[in-house]
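Everything on this sheet refers to the single structure shown next.
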Amino acid sequence: VMELLAGSTLARYATAEQRLPETLVLDIAAQLAEALAHAHRQGVLHRDVKPSNALLDPVTRRVVLTDFGLARAPDAEASRSGVFIGSPLYMAPELLAGQPPDARSDLYALGVLTYELLAGRPPFAGASMGALLRAVAQSPPAPLTAQLAEGSTPAAAAQLDQLLAPLLAKEPAHRPADGDAWAAQARQAAEWL
C-alpha cells in the first residue's frame, strides 16, 4: 500500500520542451538527496533513482522518491553475476564494472537525473546499449553551458556544472558520501541563481 500522491513523475519534465526553472530543479534535487540520505541512514540503498521513480506535486513542490522495488541493504546478497539491476543510463560506472552499490551509487544516479532535468536530455547517449554503457563508464557529460534553457547565463551554467561535477564523478571516492551535505550545497546554489 502506498500513499495516493498528487502530481506526476519527473519524467514529464526531463525533456527540452517541459523543463522546469533551474531553481525548482535544484530544490527537487535537494529534496531527493535528503530522501536518499534518510534511506541510507536506515541501511537501505534505492538502486533505481531515475525521473520515473520520483513524483512532483507542482502545487506544493513536494517531491517523493518512489519505487523501492530494487532497494536493499548494502550488505545483502548481490544479484547474480552479469545481471544488471536498475536502469543502465542512471547506473554509476562502478556498478557497470560489477562492483557492489553503495550510497554514492545512488547519488550518482541523482546527478544524472538532475542533469537531465536541467538540460532536457540525459548526460550520456549511445546508438546501442554498448555505446551507452561505454559513454557512462568513460565520457564526461557535456557542459551545461550549451544545454540550459534560453535565458540562462554562462555564470549560472558554470555554477550548475560545478555543483553536479561531484555527483557525476566516475570514481566513487570523488562523490559525496552524504546526500544531506550535497542538498545544502544545492540550496545555496539555488539562492545564488
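The values are calculated or read from the model by the stated rules, or taken from the named source; none is laboratory data. In this text the structure is predicted, and so the values were computed from the model without any measurement. When we count neighbours, we look across all protein chains shown, and the Cβ atoms used for this are built from the backbone with ideal geometry, even at glycine. Please note that ligands, DNA and RNA were not included when accessible areas were found on the heavy atoms of the full protein model with its side chains. Shrake-Rupley method; radii C 1.70, N 1.55, O 1.52, S 1.80 Å.
Of note:
- Under 16 Å from a label point set 7 Å out along the Cα-to-Cβ vector of residue 42, the amide N atoms of segment 1-33 belong to 1-4, 32-33.
- Magnitude of the charge dipole, the chain, Cβ model with Lys/Arg +1 and Asp/Glu -1, debye to 20: 320 debye
- Farthest toward the positive end of the dipole of the chain, out of 135, 5, 112, is the Cα of 135, where the dipole comes from beta carbon charges about the Cα centre.
- For the chain, the per residue solvent-accessible surface stands at 50 Å², with DNA, RNA and ligands left out and a 1.4 Å probe.
- Spin-label pair residue 6/residue 132, simplified geometry with 7 Å Cα→Cβ offset, distance in nm: 3.4 nm
- Taken along the Cα-to-beta-carbon direction at a fixed 7 Å, the label points for residue 97 and residue 153 span 3.9 nm.
- For the chain, the carbon plus sulfur part of the accessible surface works out to 54%, probe radius 1.4 Å.
- Gain on full stretching of the segment that runs from residue 145 to residue 23 - 0.36 nm per residue minus C-alpha separation: 42.3 nm
- Unit charges at the beta carbon, dipole of the chain: most positive-side option, 162, 59, 183: 162
- The ellipsoid that matches the Cα gyration tensor of segment 82-193 has semi-axes, each √(5λ) in whole angstrom, of 24, 18, 10, with the longest given first.
- Spatial separation of Cα centroids for segment 36-64 and segment 89-157, in angstrom: 18 Å
- Ratio of Rg to Rh over the chain (Cα coordinates, Kirkwood Rh, two decimals): 0.94
- Global dimensions of segment 150-193 from alpha-carbon coordinates: Rg and Dmax equal 11.6, 35 Å.
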